[in-house]
1. Which residue fluctuates most in the GNM of the chain (Cα springs below 10 Å): 133, 168, 188?
2. Under a 10 Å cutoff between Cα atoms, tell me which one of 23, 51, 72 has the largest fluctuation in the Gaussian network model of the chain.
3. Comparing 187, 13, 114, which has the greatest mean-square fluctuation in the GNM of the chain with Cα pairs linked when under 10 Å apart?
4. Compute the Cα gyration tensor for the stretch 76-169, then decide on rounded, prolate or oblate, letting a ≥ b ≥ c be the square roots of its eigenvalues: rounded whenever a/c is under 1.5, prolate when a/b is larger than b/c in the other cases, and oblate in all that remain.
5. Which angle between 0 and 90 degrees, to the nearest 10, do you get for helix 112-130 versus the longest principal axis of the chain when only C-alpha atoms count?
6. If one takes the longest principal axis of the Cα atoms in the chain, at what angle in degrees, from 0 to 90 and to the nearest 10, does the Cα axis of helix 92-107 lie?
7. Please give the helix 133-143 orientation as an angle from the longest Cα principal axis of the chain, in degrees from 0 to 90, rounded to the nearest 10.
8. Classify the stretch 115-207 as rounded, prolate or oblate, taking a ≥ b ≥ c as the square roots of the eigenvalues of its Cα gyration tensor: rounded when a/c is under 1.5, otherwise prolate if a/b is larger than b/c and oblate if not.
């Protein structure tokens with residue numbers, strides 16, 4: 001595959017492909033069957049043949065070009081519902097680990113670097129508590145944006161004692177609602193938390 005066709009693209013009809021590549025229809029059919037056997041194509045009866053190949057580095061490319069605001073917006077789409085699933089699937093030991101992370105974040109509000117690492121662990125821990133492997137994978141990839149230099153720079157600009165104290169209070173509200181099995185309350189607290197983060201990043205970007 002040279003990249004002429006992307007994931008989920010439908011290939012032209014076999015007659016068109018045979019003419020384009022100057023091969024017999026039987027030769028083309030054998031080639032397509034081989035590609036399908038290797039997981040690069042999928043034939044859907046009555047619909048056509050589609051590309052199923054995806055470059056392994058696509059996720060890395062997305063992370064490399066994602067900005068801090070994209071990170072927060074992606075989290076808006078996922079994390080309120082993650083809170084709801086925590087209520088349904090989370091266990092006491094999950095909540096106890098999240099409690100420990102809250103304690104650690106509150107110990108030293110003057111250390112933004114330490115807070116940022118623990119904050120990532122807290123939000124990843126929420127995803128882990130859902131026991132939904134796809135959501136866990138998505139949150140881990142989204143969180144990888146935090147390793148980029150742009151995110152580090154924005155962290156230095158936004159994480160002062162006041163905002164860290166606000167985030168710590170919001171983390172507690174989220175966790176307390178989850179422990180109380182109040183799904184919508186937890187989701188709303190998460191929305192408030194992410195809204196605060198987005199506003200903080202927006203103001204920093206404008207300076």
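Read the figures in this text as sums done on the coordinates, not as results from a lab. Everything numeric in this text was worked out from a predicted model, so none of it was measured.
1. Judging by the Gaussian network model, the answer is 133.
2. Judging by the Gaussian network model, the answer is 23.
3. Looking only at 187, 13, 114, the largest GNM fluctuation is found for 13.
4. Judged from the Cα gyration tensor, the stretch 76-169 comes out oblate (a/c at least 1.5, b/c at or above a/b).
5. Tilt of helix 112-130: around 60 degrees.
6. 60 degrees
7. 70 degrees
8. Oblate shape, in that a/c is at least 1.5 and b/c is the bigger or equal ratio.
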